[in-house]
1. When residues of the range 126-145 are filtered for being surrounded by fewer than 15 Cβ atoms within 10 Å (Cβ to Cβ) and acidic (Asp, Glu), how many remain?
2. If we scan the range 105-114, do we find a residue that is touching a strand residue (DSSP E or B) at 6+ places or on another chain (Cβ under 9 Å), surrounded by fewer than 19 Cβ atoms within 10 Å (Cβ to Cβ) and free of Cβ contacts under 8 Å to residues at least 12 places away in the same chain?
3. Which residue is surrounded by the fewest Cβ atoms within 10 Å (Cβ to Cβ), if the candidates are limited to the range 148-162 and must be among the β-branched types (Val, Ile, Thr) and in a loop (DSSP other than H, G, I, E, B)?
4. From the list Arg145, Arg87, which residue is over 30 Å from Thr27 (Cβ atoms), basic (Lys, Arg) and not in a loop (DSSP other than H, G, I, E, B)?
5. Filter the range 90-142 for residues that are under 11 Å from the mean Cα position of the chain (by Cα) and either more than 20 Å from Thr45 (Cβ to Cβ) or hydroxyl-bearing (Ser, Thr, Tyr) (or both) and give the result.
6. Check whether at least one residue in the range 163-170 is in contact with a Pro (Cβ under 7 Å, 6 or more places away or on another chain) and either of a type in the set (Lys, Arg) or surrounded by 19 or more Cβ atoms within 10 Å (Cβ to Cβ) (or both), and report yes or no.
7. Does the range 167-183 hold any residues that are in a loop (DSSP other than H, G, I, E, B) and either under 12 Å from Leu107 (Cβ atoms) or in contact with a Gly (Cβ under 8 Å, 6 or more places away or on another chain) (or both), and which are they?
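Here, each number is a calculation from the coordinates, and none is a lab measurement. As the structure is a prediction and not an experimental result, all values here were calculated from the model. Quick reminder, even Gly has a Cβ in these numbers, built from the backbone with ideal geometry, and neighbours come from all protein chains shown.
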Amino acid sequence: MNTYSDEVITLSRDCDATLIPYGNSFTLKKGDEVRITQALGGSYTVMAKGSLFRIEGKDADTLGKDVKEDAAEKRKITGTASESAVREVLKSCYDPEIPVNMVDLGLIYSCKLTDAEEGGTDVEIKMTLTAPGCGMGPMLMDEVRAKVLDVTGVRDVFVELVWDPPWTQDMISEAARLDLGMY
């Protein structure tokens with residue numbers, strides 16, 4: 001899975017970014033030169049100014065990429081959600097430094113669905129991070145919540161960051177190990 005680009009891109013406008021792995025907000029300026037190191041799950045990890053930054057899909061135009069339409073504005077709850085649909089959308093959430101989705105990295109510890117009497121499904125997710133000191137936790141939790149909210153039938157999503165059991169590389173799926181060259 002190669003998502004790295006040797007192409008140098010000059011930003012077409014100022015854009016919000018998040019410094020990886022600290023999670024600090026930053027503004028990359030029009031004219032800054034960046035290289036895309038990862039383009040997965042609708043966001044971009046770029047190398048700029050000697051650091052890694054995450055640029056959200058809503059700002060893809062500054063990289064010369066198509067902006068994805070915001071589905072949240074059209075959201076309405078119909079029926080109930082399936083666990084397979086929720087798990088599938090979780091596979092579109094990526095650690096910004098590792099080109100493997102959060103499910104295959106073993107970062108999603110549990111996903112509990114409860115159908116509500118008034119309609120729709122509430123989803124409770126327990127997740128962790130590869131390192132306790134990672135400042136990207138709140139951003140990744142928000143991404144998980146937003147993407148799961150877009151699943152048909154989901155009424156609400158509750159995401160909890162947990163540290164027990166501690167994440168280890170043993171939790172990475174076999175397929176992801178092959179992608180990462182971890183034999």
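1. Quick first cut of the range 126-145, residues surrounded by fewer than 15 Cβ atoms within 10 Å (Cβ to Cβ) only: 131-133, 138, 142.
With acidic (Asp, Glu) added as a condition, the list becomes 142.
Number of matching residues: 1.
2. yes
3. Within the range 148-162, the first condition is being among the β-branched types (Val, Ile, Thr), and the residues that meet it are 148, 151-152, 154, 157, 159, 162.
If we keep only those that are in a loop (DSSP other than H, G, I, E, B) as well, we get 151-152, 162.
Working: Val151: 19, Thr152: 15, Val162: 13.
Among those residues, the one meeting the criterion is Val162.
4. When all the criteria are applied, what remains is Arg87.
5. Selection gives Ser92, Tyr94.
6. Going through the range 163-170, the residues in contact with a Pro (Cβ under 7 Å, 6 or more places away or on another chain) turn out to be 163.
Next, from what is left, pick out any that are either of a type in the set (Lys, Arg) or surrounded by 19 or more Cβ atoms within 10 Å (Cβ to Cβ) (or both): none.
Checked the range 163-170: no residue is in contact with a Pro (Cβ under 7 Å, 6 or more places away or on another chain) and either of a type in the set (Lys, Arg) or surrounded by 19 or more Cβ atoms within 10 Å (Cβ to Cβ) (or both).
7. Keep residues of the range 167-183 that are in a loop (DSSP other than H, G, I, E, B), which gives 167-168, 172-173, 181-183.
Within the range 167-183, Trp167, Thr168, Ile172, Ser173 meet the criteria.
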